[in-house]
Amino acid sequence: MRILNSLLITTGLCVAASAASAQAVTCGQDYIVAPGDYLSTIAERAYGETGSFNLIYSANADTIGPNPGLINVGDRLFIPCLNGDLGESAADAGAIRDTSTTEQLPAPAEDRPIRVLTATGWAPFMDEDQAQGGLLTEIINLALENADNDPVYQIDFINDDGAHLNPLIVDHAYDISIGWSQPNCDIMDKLEDESQFRCNNLDFSDPLYEEVLGYFSDAADPVMNAHVEMTGKRICRAEAYTLAPLEGVDLTEPTITIVRAPTAADCINFVLEDKADIALVAVDVADGRVSELGAGDRVQMHEALTFVDVLHAVIAKTHPQNEEIMAVVNNGLGNIKDSGLWFQTVRRHMTAFRAANQ
């Protein structure tokens, strides 16, 4: 059981053609990767557009591995249908409850709820205007709802996400926050202060969602196949977003110039307005903004450089119930992945988000 609260605290594709384009792709069936295939070109043949390739990735993450831009000839991939069923729906199963409930949860010191932080303004992942508060909000809700020991919990929207980690998580005012990527803590000397803070102060759950990130630039630019080709470029990243993906491939200032935009989607605008050379953006978010602007012929995604940024729930290393709470989260995540509910939820959110931006 849980409470989903709204605590409003605010602060002031254009892809290269595939050599295998003649091969038919049918959803609901397996597909064998052919020479010249990319996930986006497979998605275009399966669905009529490239953007839904993240769903193919989610259904085949174990086969593909961490880089969706590098699929292997001969791999067998399952092609999910966008509107098909995976069996009993979450609503019929009773796994998703009315988020408007005002049920009061007991909160004695020995039995207080697990307190979860989410935020808004990051559609389709966390946003009060999205169904169930967005994809990640619903996933953590389902994970806790389906954990074996039926934990008491509540989920609060606190929209000053800059305050989530410090002070709210590190001071234990809340137990976990969602939607955070884990830096490569083995290269601490290359990490900025914010990434080092995460390494030193946080423990990370099993993956909530594997977010596919892409590098986007003007369609007239040469296609890039290696990170070194971005040397000297202006790379746009949303304000307060971690630079860990760039740090991990040795793209740090002054080798490149970081340009900050108000939101991730705004980085696409920055490329179109020549305020940045490259946008590092989640493919789902970029595709939505490109569709909104009708700019599909003006923007390209550098397919070979796409990669997976794993999003986690985090808890403070110093939390007195660190291991117990994280075990509950991971148990629930395992349960909804084993049942198919996780993928069903991902598909529903991504399909709705894409439809809203066409």
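The values are calculated or read from the model by the stated rules, or taken from the named source; none is laboratory data. Computed from a prediction, not measured in an experiment: that's the story for all the values here. Cβ atoms come from the backbone with ideal geometry, glycine included; neighbour counts cover every protein chain shown. Please note that ligands, DNA and RNA were not included when accessible areas were found on the heavy atoms of the full protein model with its side chains. Shrake-Rupley method; radii C 1.70, N 1.55, O 1.52, S 1.80 Å.
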Size of region 226-358 as Cα extents on the principal axes (Å, biggest first)
48, 37, 27
So the FRET efficiency between Asp250 and Asp338, C-beta based with R0 = 30 Å and rounded to 0.05, is 0.20
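Calculate the translational D of region 122-216 in whole µm² s⁻¹ from Stokes-Einstein, where the hydrodynamic radius comes from the Kirkwood formula applied to all Cα pairs, the temperature is 10 °C and the viscosity 1.306 mPa s.
Rounded, D is 106 µm²/s.
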Starting from the Cα of Lys275, draw a straight line to each of the lysines and keep only those under 24 Å, dropping any in the same chain fewer than 8 residues away.
Lys233
Accessible area of Lys317 in the full protein assembly, 1.4 Å probe (Å², nearest 10)
90 Å²
How far apart, in nm, are two points set 7 Å out from the Cα along the Cα-to-Cβ line at Phe197 and at Thr257?
2.6 nm
Subtracting the Cα-Cα distance from 0.36 nm times the residue separation, let me have the gained length for Gln29 to Leu70 in nm, one decimal.
12.6 nm
Please give the length that would be gained between Glu324 and Asp150 if that part of the chain were fully extended, namely 0.36 nm times their separation in residues minus their C-alpha to C-alpha distance (nm, one decimal).
61.3 nm
Once label points are set 7 Å from the Cα along Cα→Cβ at both Lys275 and Arg112, what is their separation, rounded to one decimal in nm?
4.1 nm
Take the Cα of His227, step 7 Å along the line toward its Cβ, and report every residue of region 291-327 whose backbone nitrogen sits under 13 Å from that point.
305-309
Under 14 Å from Lys190, Cα to Cα: aspartates and glutamates that are on another chain or at least 8 residues apart:
Glu247, Asp250, Glu253
Based on Cα positions only, what radius of gyration and what Dmax would you give for region 270-326, in angstroms?
18.0, 53
